[in-house]
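The structure under discussion appears below in the form of structure tokens.
The values are calculated or read from the model by the stated rules, or taken from the named source; none is laboratory data. Everything numeric here is computed off the predicted structure, so don't read it as measured data. Every residue, glycine among them, receives a Cβ derived from its backbone with ideal geometry; neighbour counts consider all protein chains shown.
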Amino acid sequence: MNIRLYNTLSKKVEEFAPLEPNKLRFYHCGPTVYWTQHIGNLRGLTMGDLIVRTFKYFGFETNHVRNYTDVGHLTGDTIGLADQGEDRMEKGAKREGLSPDAIAQKYIDQFEADTKAINLLEPDFKPRATQYVKQMIAMVKTLIDKGFAYETDLAVYFEVEKFPDYTKLSKQKLEKIIKDAGKGEISDPQKKNPADFALWFFKTGVHKNALQTWPSPFHSKQVESGIGFPGWHIECSAMSKALLGETLDLHMGGIEHIPIHHTNEITQSEATNGKKFVNYWLHNEHLLVENKKMAKSEGTAYSLQEVVDKGFEPMSLRYFFLTAHYRSKQNFTWEALKNAQAGLQEMREKIANLKAPTKPQKTKSEGSEKEKTEFGKALAEDFNLPKALAIAWKVLKDNRFSDDEKKSLLLDFDRVLGLKLDEIAPKQELKNVPENIKLLLEQREKARKEKNFAKSDEFRKKIESLGFEIQDSSQGQKVYKKRTLQ
Ligand SMILES: [Zn+2]
């Protein structure tokens, strides 16, 4: 089946043609490891995971790189003030009284625990920017030699007007970018054009106390040995080249990266290598909270830990992410997450209750092949996971299929959905029933004795909504905790 995907570069849905048959070179911009990643970041990374899984499902050999930015990402970079502000790693280091390296390690560990909890596959490479400074310096040197970059006393800049079609990804007008960049405070009077962006910062001026620095072959009158640190954008260009080559199949990130970060990555890479950098650009939309932009200042930039603290299992977040397309905004509410958790639990119950085949397995029915094709088609049409999830549900509820067929289809689909449907824990009767549940059980028993079945049903639903399940037996009501993972 041919995969069709929306390419930001052409603004069209295109048929995917790999550089090499059945191989995928995929670079996903990873987190800046100075703080806990919020669930909005986790959504973007889950979308990347679903895309990798889709390629694997279709038999591709995937080479997936997701980096860690542990130097050079300034606080101004994402608010339209490129090249300005403080290095986020240093901000984190000051906040916690640790070295930038210890901060990076702490948040890498936390990030890896979070991504494991929502079942993201391990990328093939997880490079840290600080380990590729040599490659970044080599790239910047080439750019100077080729006349695309220049040195000032504060930094080395890429001269955007030297690169034809600087705005091919964002489709913005260069004049407007220059005008907008000129509105802000120009941090460097020697900068030729306000829109030029930094490839290397010297350890001077606002960065004179920078904690992570390296010597370089670049020249500034204010520092010895060109000492300084790389700009954020050059990091991805250098790491992707080192690990995947000069041209990639796919490059992904959040839509906020289109006008600056990814635009600059294309410019640097293509100017250095003289080759097309990326064939297909994918961008995921944002996660909203209560229909508003997530904001740390409003306390809505929730972490996975906060989700767990509210009584949800991490996998319910993954299920929630599956219900919206990566190019759509998704609105997070606690109510929506509750529904996702209930959906996941119901799916587990249904799968766990499927009977093992008693007779030797029949050959697959025509209907089951058809559903498998439909599932594949949904994936191949720009990674339509909500549709794929709906097909999984349709199969599960379809009486034409034997239990065995259902199970084999669902487990096949789960290679992409990643809900760990083969790791469902067996049902266990609860020995210590919580007091509030006991009370509800008594009320239900009373309603049943009075033959008020509508009321008894209400109590059952209430108990279920609290994560429990009741089974009526000759010894009375038995309570089970809803199924979790093994
Ligand atoms: Zn990047």
So if I check each of Phe125, Phe163, Phe158, which one is within 21 Å of the chain's Cα centre (by Cα) and among the hydrophobic types (A, V, I, L, M, F, W, C)? Phe125
For region 223-243, which residues satisfy the criterion of being surrounded by fewer than 22 Cβ atoms within 10 Å (Cβ to Cβ) and either touching a residue at least 12 places away in the same chain (Cβ under 8 Å) or within 16 Å of the ligand (Cβ to nearest atom) (or both)? Val223, Gly226, Ile227, Ala242, Leu243
Given the structure, is Gly253 over 30 Å from the mean Cα position of the chain (by Cα) and not acidic (Asp, Glu)? no
Only one of Val13, Val52 that is farther than 29 Å from Thr213 by Cα, among the β-branched types (Val, Ile, Thr) and outside the structural domain of Gln110 (by TED's automatic domain parsing): Val13
Criterion: closer than 21 Å to His28 by Cβ and not β-branched (Val, Ile, Thr) - qualifying residue of Ser297, Ser303: Ser303
Going by what's in this entry, would Leu282 be described as under 19 Å from the mean Cα position of the chain (by Cα) and closer than 30 Å to Met139 by Cβ? yes
From the list Met252, Met294, which residue is farther than 21 Å from Leu9 by Cβ and either surrounded by 21 or more Cβ atoms within 10 Å (Cβ to Cβ) or touching a Ser or Thr at 6+ places or on another chain (Cβ under 6 Å) (or both)? Met294
Quick check: is even one residue across region 287-296 on the phi < 0 side of the Ramachandran plot and within 14 Å of the ligand (Cβ to nearest atom)? no
Tell me, please, whether a residue that is under 30 Å from Pro314 (Cβ atoms) and at pLDDT below 85 can be found in region 437-458. no
Screening Phe413, Phe401 for residues that are touching a Phe, Trp or Tyr at 6+ places or on another chain (Cβ under 8 Å) and not assigned by TED's automatic domain parsing to the domain that holds Ile463 leaves only Phe413
Go through region 317-338 residue by residue and tally those that are touching a helix residue (DSSP H, G or I) at 6+ places or on another chain (Cβ under 8 Å) and in a helix (DSSP H, G or I). 8
Do we have any residue at all in region 357-371 that's over 30 Å from Gly476 (Cα atoms), charged (D, E, K, R) and surrounded by 13 or more Cβ atoms within 10 Å (Cβ to Cβ)? yes
Of the residues in region 251-281, those that are within 13 Å of the ligand (Cβ to nearest atom), farther than 21 Å from Thr75 by Cβ and not in a helix (DSSP H, G or I) come to His251, Met252, Phe277, Val278, Trp281
Go over the candidates Glu61, Glu90 one by one and state the one that is modelled with pLDDT under 90 and more than 15 Å from the ligand (Cβ to nearest atom). Glu90
Return a yes/no flag: does region 460-476 have any residue that is buried (at least 17 other Cβ atoms within 10 Å of the Cβ), in a helix (DSSP H, G or I) and of a type outside the set (Ser, Thr, Tyr). yes
